[in-house]
Structure formats: structure tokens, C-alpha cells
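Report on the following structure.
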Amino acid sequence: MVTQPEPSHAPANPSLQPAPSNPHPDTITFTVNSRTLSMDEKAVNVPASALNPVSVRPVQRKINTSIGITIAQGAIFVSGIISAALLGSSITKEQNANVRGYYSGLAFVPIAPVCLSAFWALVALGISRGLRTPVHPAFYVAFDLLLWLTILGISICIVILLGSQDGYACSYNYRRYRPERGCRSVLIESWKMQMAANALAIFNGLAHFGIFVWGCRMVHKVNKMMKFEVTINLNGFNNGGVVAPAAPAVYA
């Protein structure tokens, strides 16, 4: 009597074995606060001797921009456009009238940072409100720091210079006094435009300073709550075994 072999349920080709549902059945993932070194509840199941992590990666924290920052950025954009238009009109008026004074040409100095300020506010608004994408607060700190330092430094100096304007504003040099009405009328109108433009620029600089301070506070808050996601290999510990000791991992 010939006995038939029992059928096997295993596939003929070992390479066709189905992949396990969990590619890492012997790992556990938990989070660690980098400042307090506190761990979440998943770390309770990790043996004390499991010192060799499979991976350690930071859990990035991002924030949604507050409505106050959005209003400030909108005000910066609008006032920046108005300020740039006033500066451009001042330059055009002096060039078309073909007059020059001691303070002619000052409108060229603040126009670049004012335009950059408006452009940066538009970019920030587009990212935070247009795309509705949470961003890291350091996104604001660097650019707003440079802008408020540049704008306040330049515009305050120009306002002081324009404020000292006197009857010699229409003179080509210090030896010649030219009180022509046409020259003085053009330069006074240009002076008013530049004063208004630089006043708006100073407002922009203060708004950038406020956003910079807010960004610094948010960066400190995010860093304080920074966490790392740590994956530990539990192979060799599940059954009470001990694996070869490894160098301790630093979670900070």
C-alpha cells in the first residue's frame, strides 16, 4: 500500500512568501521631550537596557499665524505700496522740474527697503493665509529683523535731515542763495511727499519689529516643546534575552 504525502499549504517557491503585515514587529516608537527628557506612555514597554535606537528624528512643530500678525502684515503691504508711490512721485516731480537742492535725491535711499518690505509682507500673507500652511516661526524672525533694522535706521535719518530744511534748500552750493519761487515750490511739495513716505516707512519698521518679537517668542515656545520620535529595536529583549551592549544614544 502506497501512502500519499500530505498536501503542503506552503508555496512551492519560498520567494513568493507573503510579506509580513508589520515590517518591524520587534520595534516600538515613542516620543521624548528634548528639554525635560520626559517620554510618552509608549515608553513604558521599553526595557531599561534597550539603548540602541533604530532611528531618532525630530518632530517638527509649526504654528498658525495669529490674526494680529496677519493684520500687521496687511498694513505693512498697503503702507509700503503707498510709501513707494509717494517716493516715486517725489523723484518724478524733481526730475521733471529740473531743480535740485541740498536734499534732492534722498527719495532714492528708502525706496528699495520699502518695496522689499511690501513684497515680504505679500509673501508671508500668501503662505499663511493664501495657502493656509502652518510654518515655523523662525520663518519670520530673520527677514523681519533685517527689515526693521534697515527701514528704521534709514527713514529716521531722512526725516531728521528733511526736518532741518531751511531757505537754502534751493541752493546748488553753500555760496549761492536761490530763493526762486518755482524751485522752492517744487522742493517743498517733494519734501512733503518724502516726509509722508518716510513716516509710513517708520510705521512699517515698527510693525516688522513687532512681528520679530512675536517670532522670537514663538521660536522659544516651539523649542521648549520640541520632541524627538525614537524607535527602539526590541529584538532580543522580548524573551528576556540580552543583546550585545551598544553605545548609549543621546536624545538631546
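Bear in mind that the values in this text are calculations on the coordinates, not laboratory data. It should be emphasised that the depicted structure is a prediction, and the values quoted were computed from it without experimental measurement. Cβ placement follows ideal geometry from the backbone for every residue including glycine, while neighbour counts extend to all protein chains displayed.
Alpha-carbon geometry of the range 62-101: the Rg and the Dmax are 17.1, 54 Å, given in that order. Put simply, the amide H of residue 135, placed in the peptide plane, has neighbours under 5 Å in 63, 65, leaving out anything fewer than 5 places away on its chain. Sorted on the mean count of surrounding Cβ atoms within 10 Å across their residues, most packed first, peptides 144-154, 124-134 read 144-154, 124-134.
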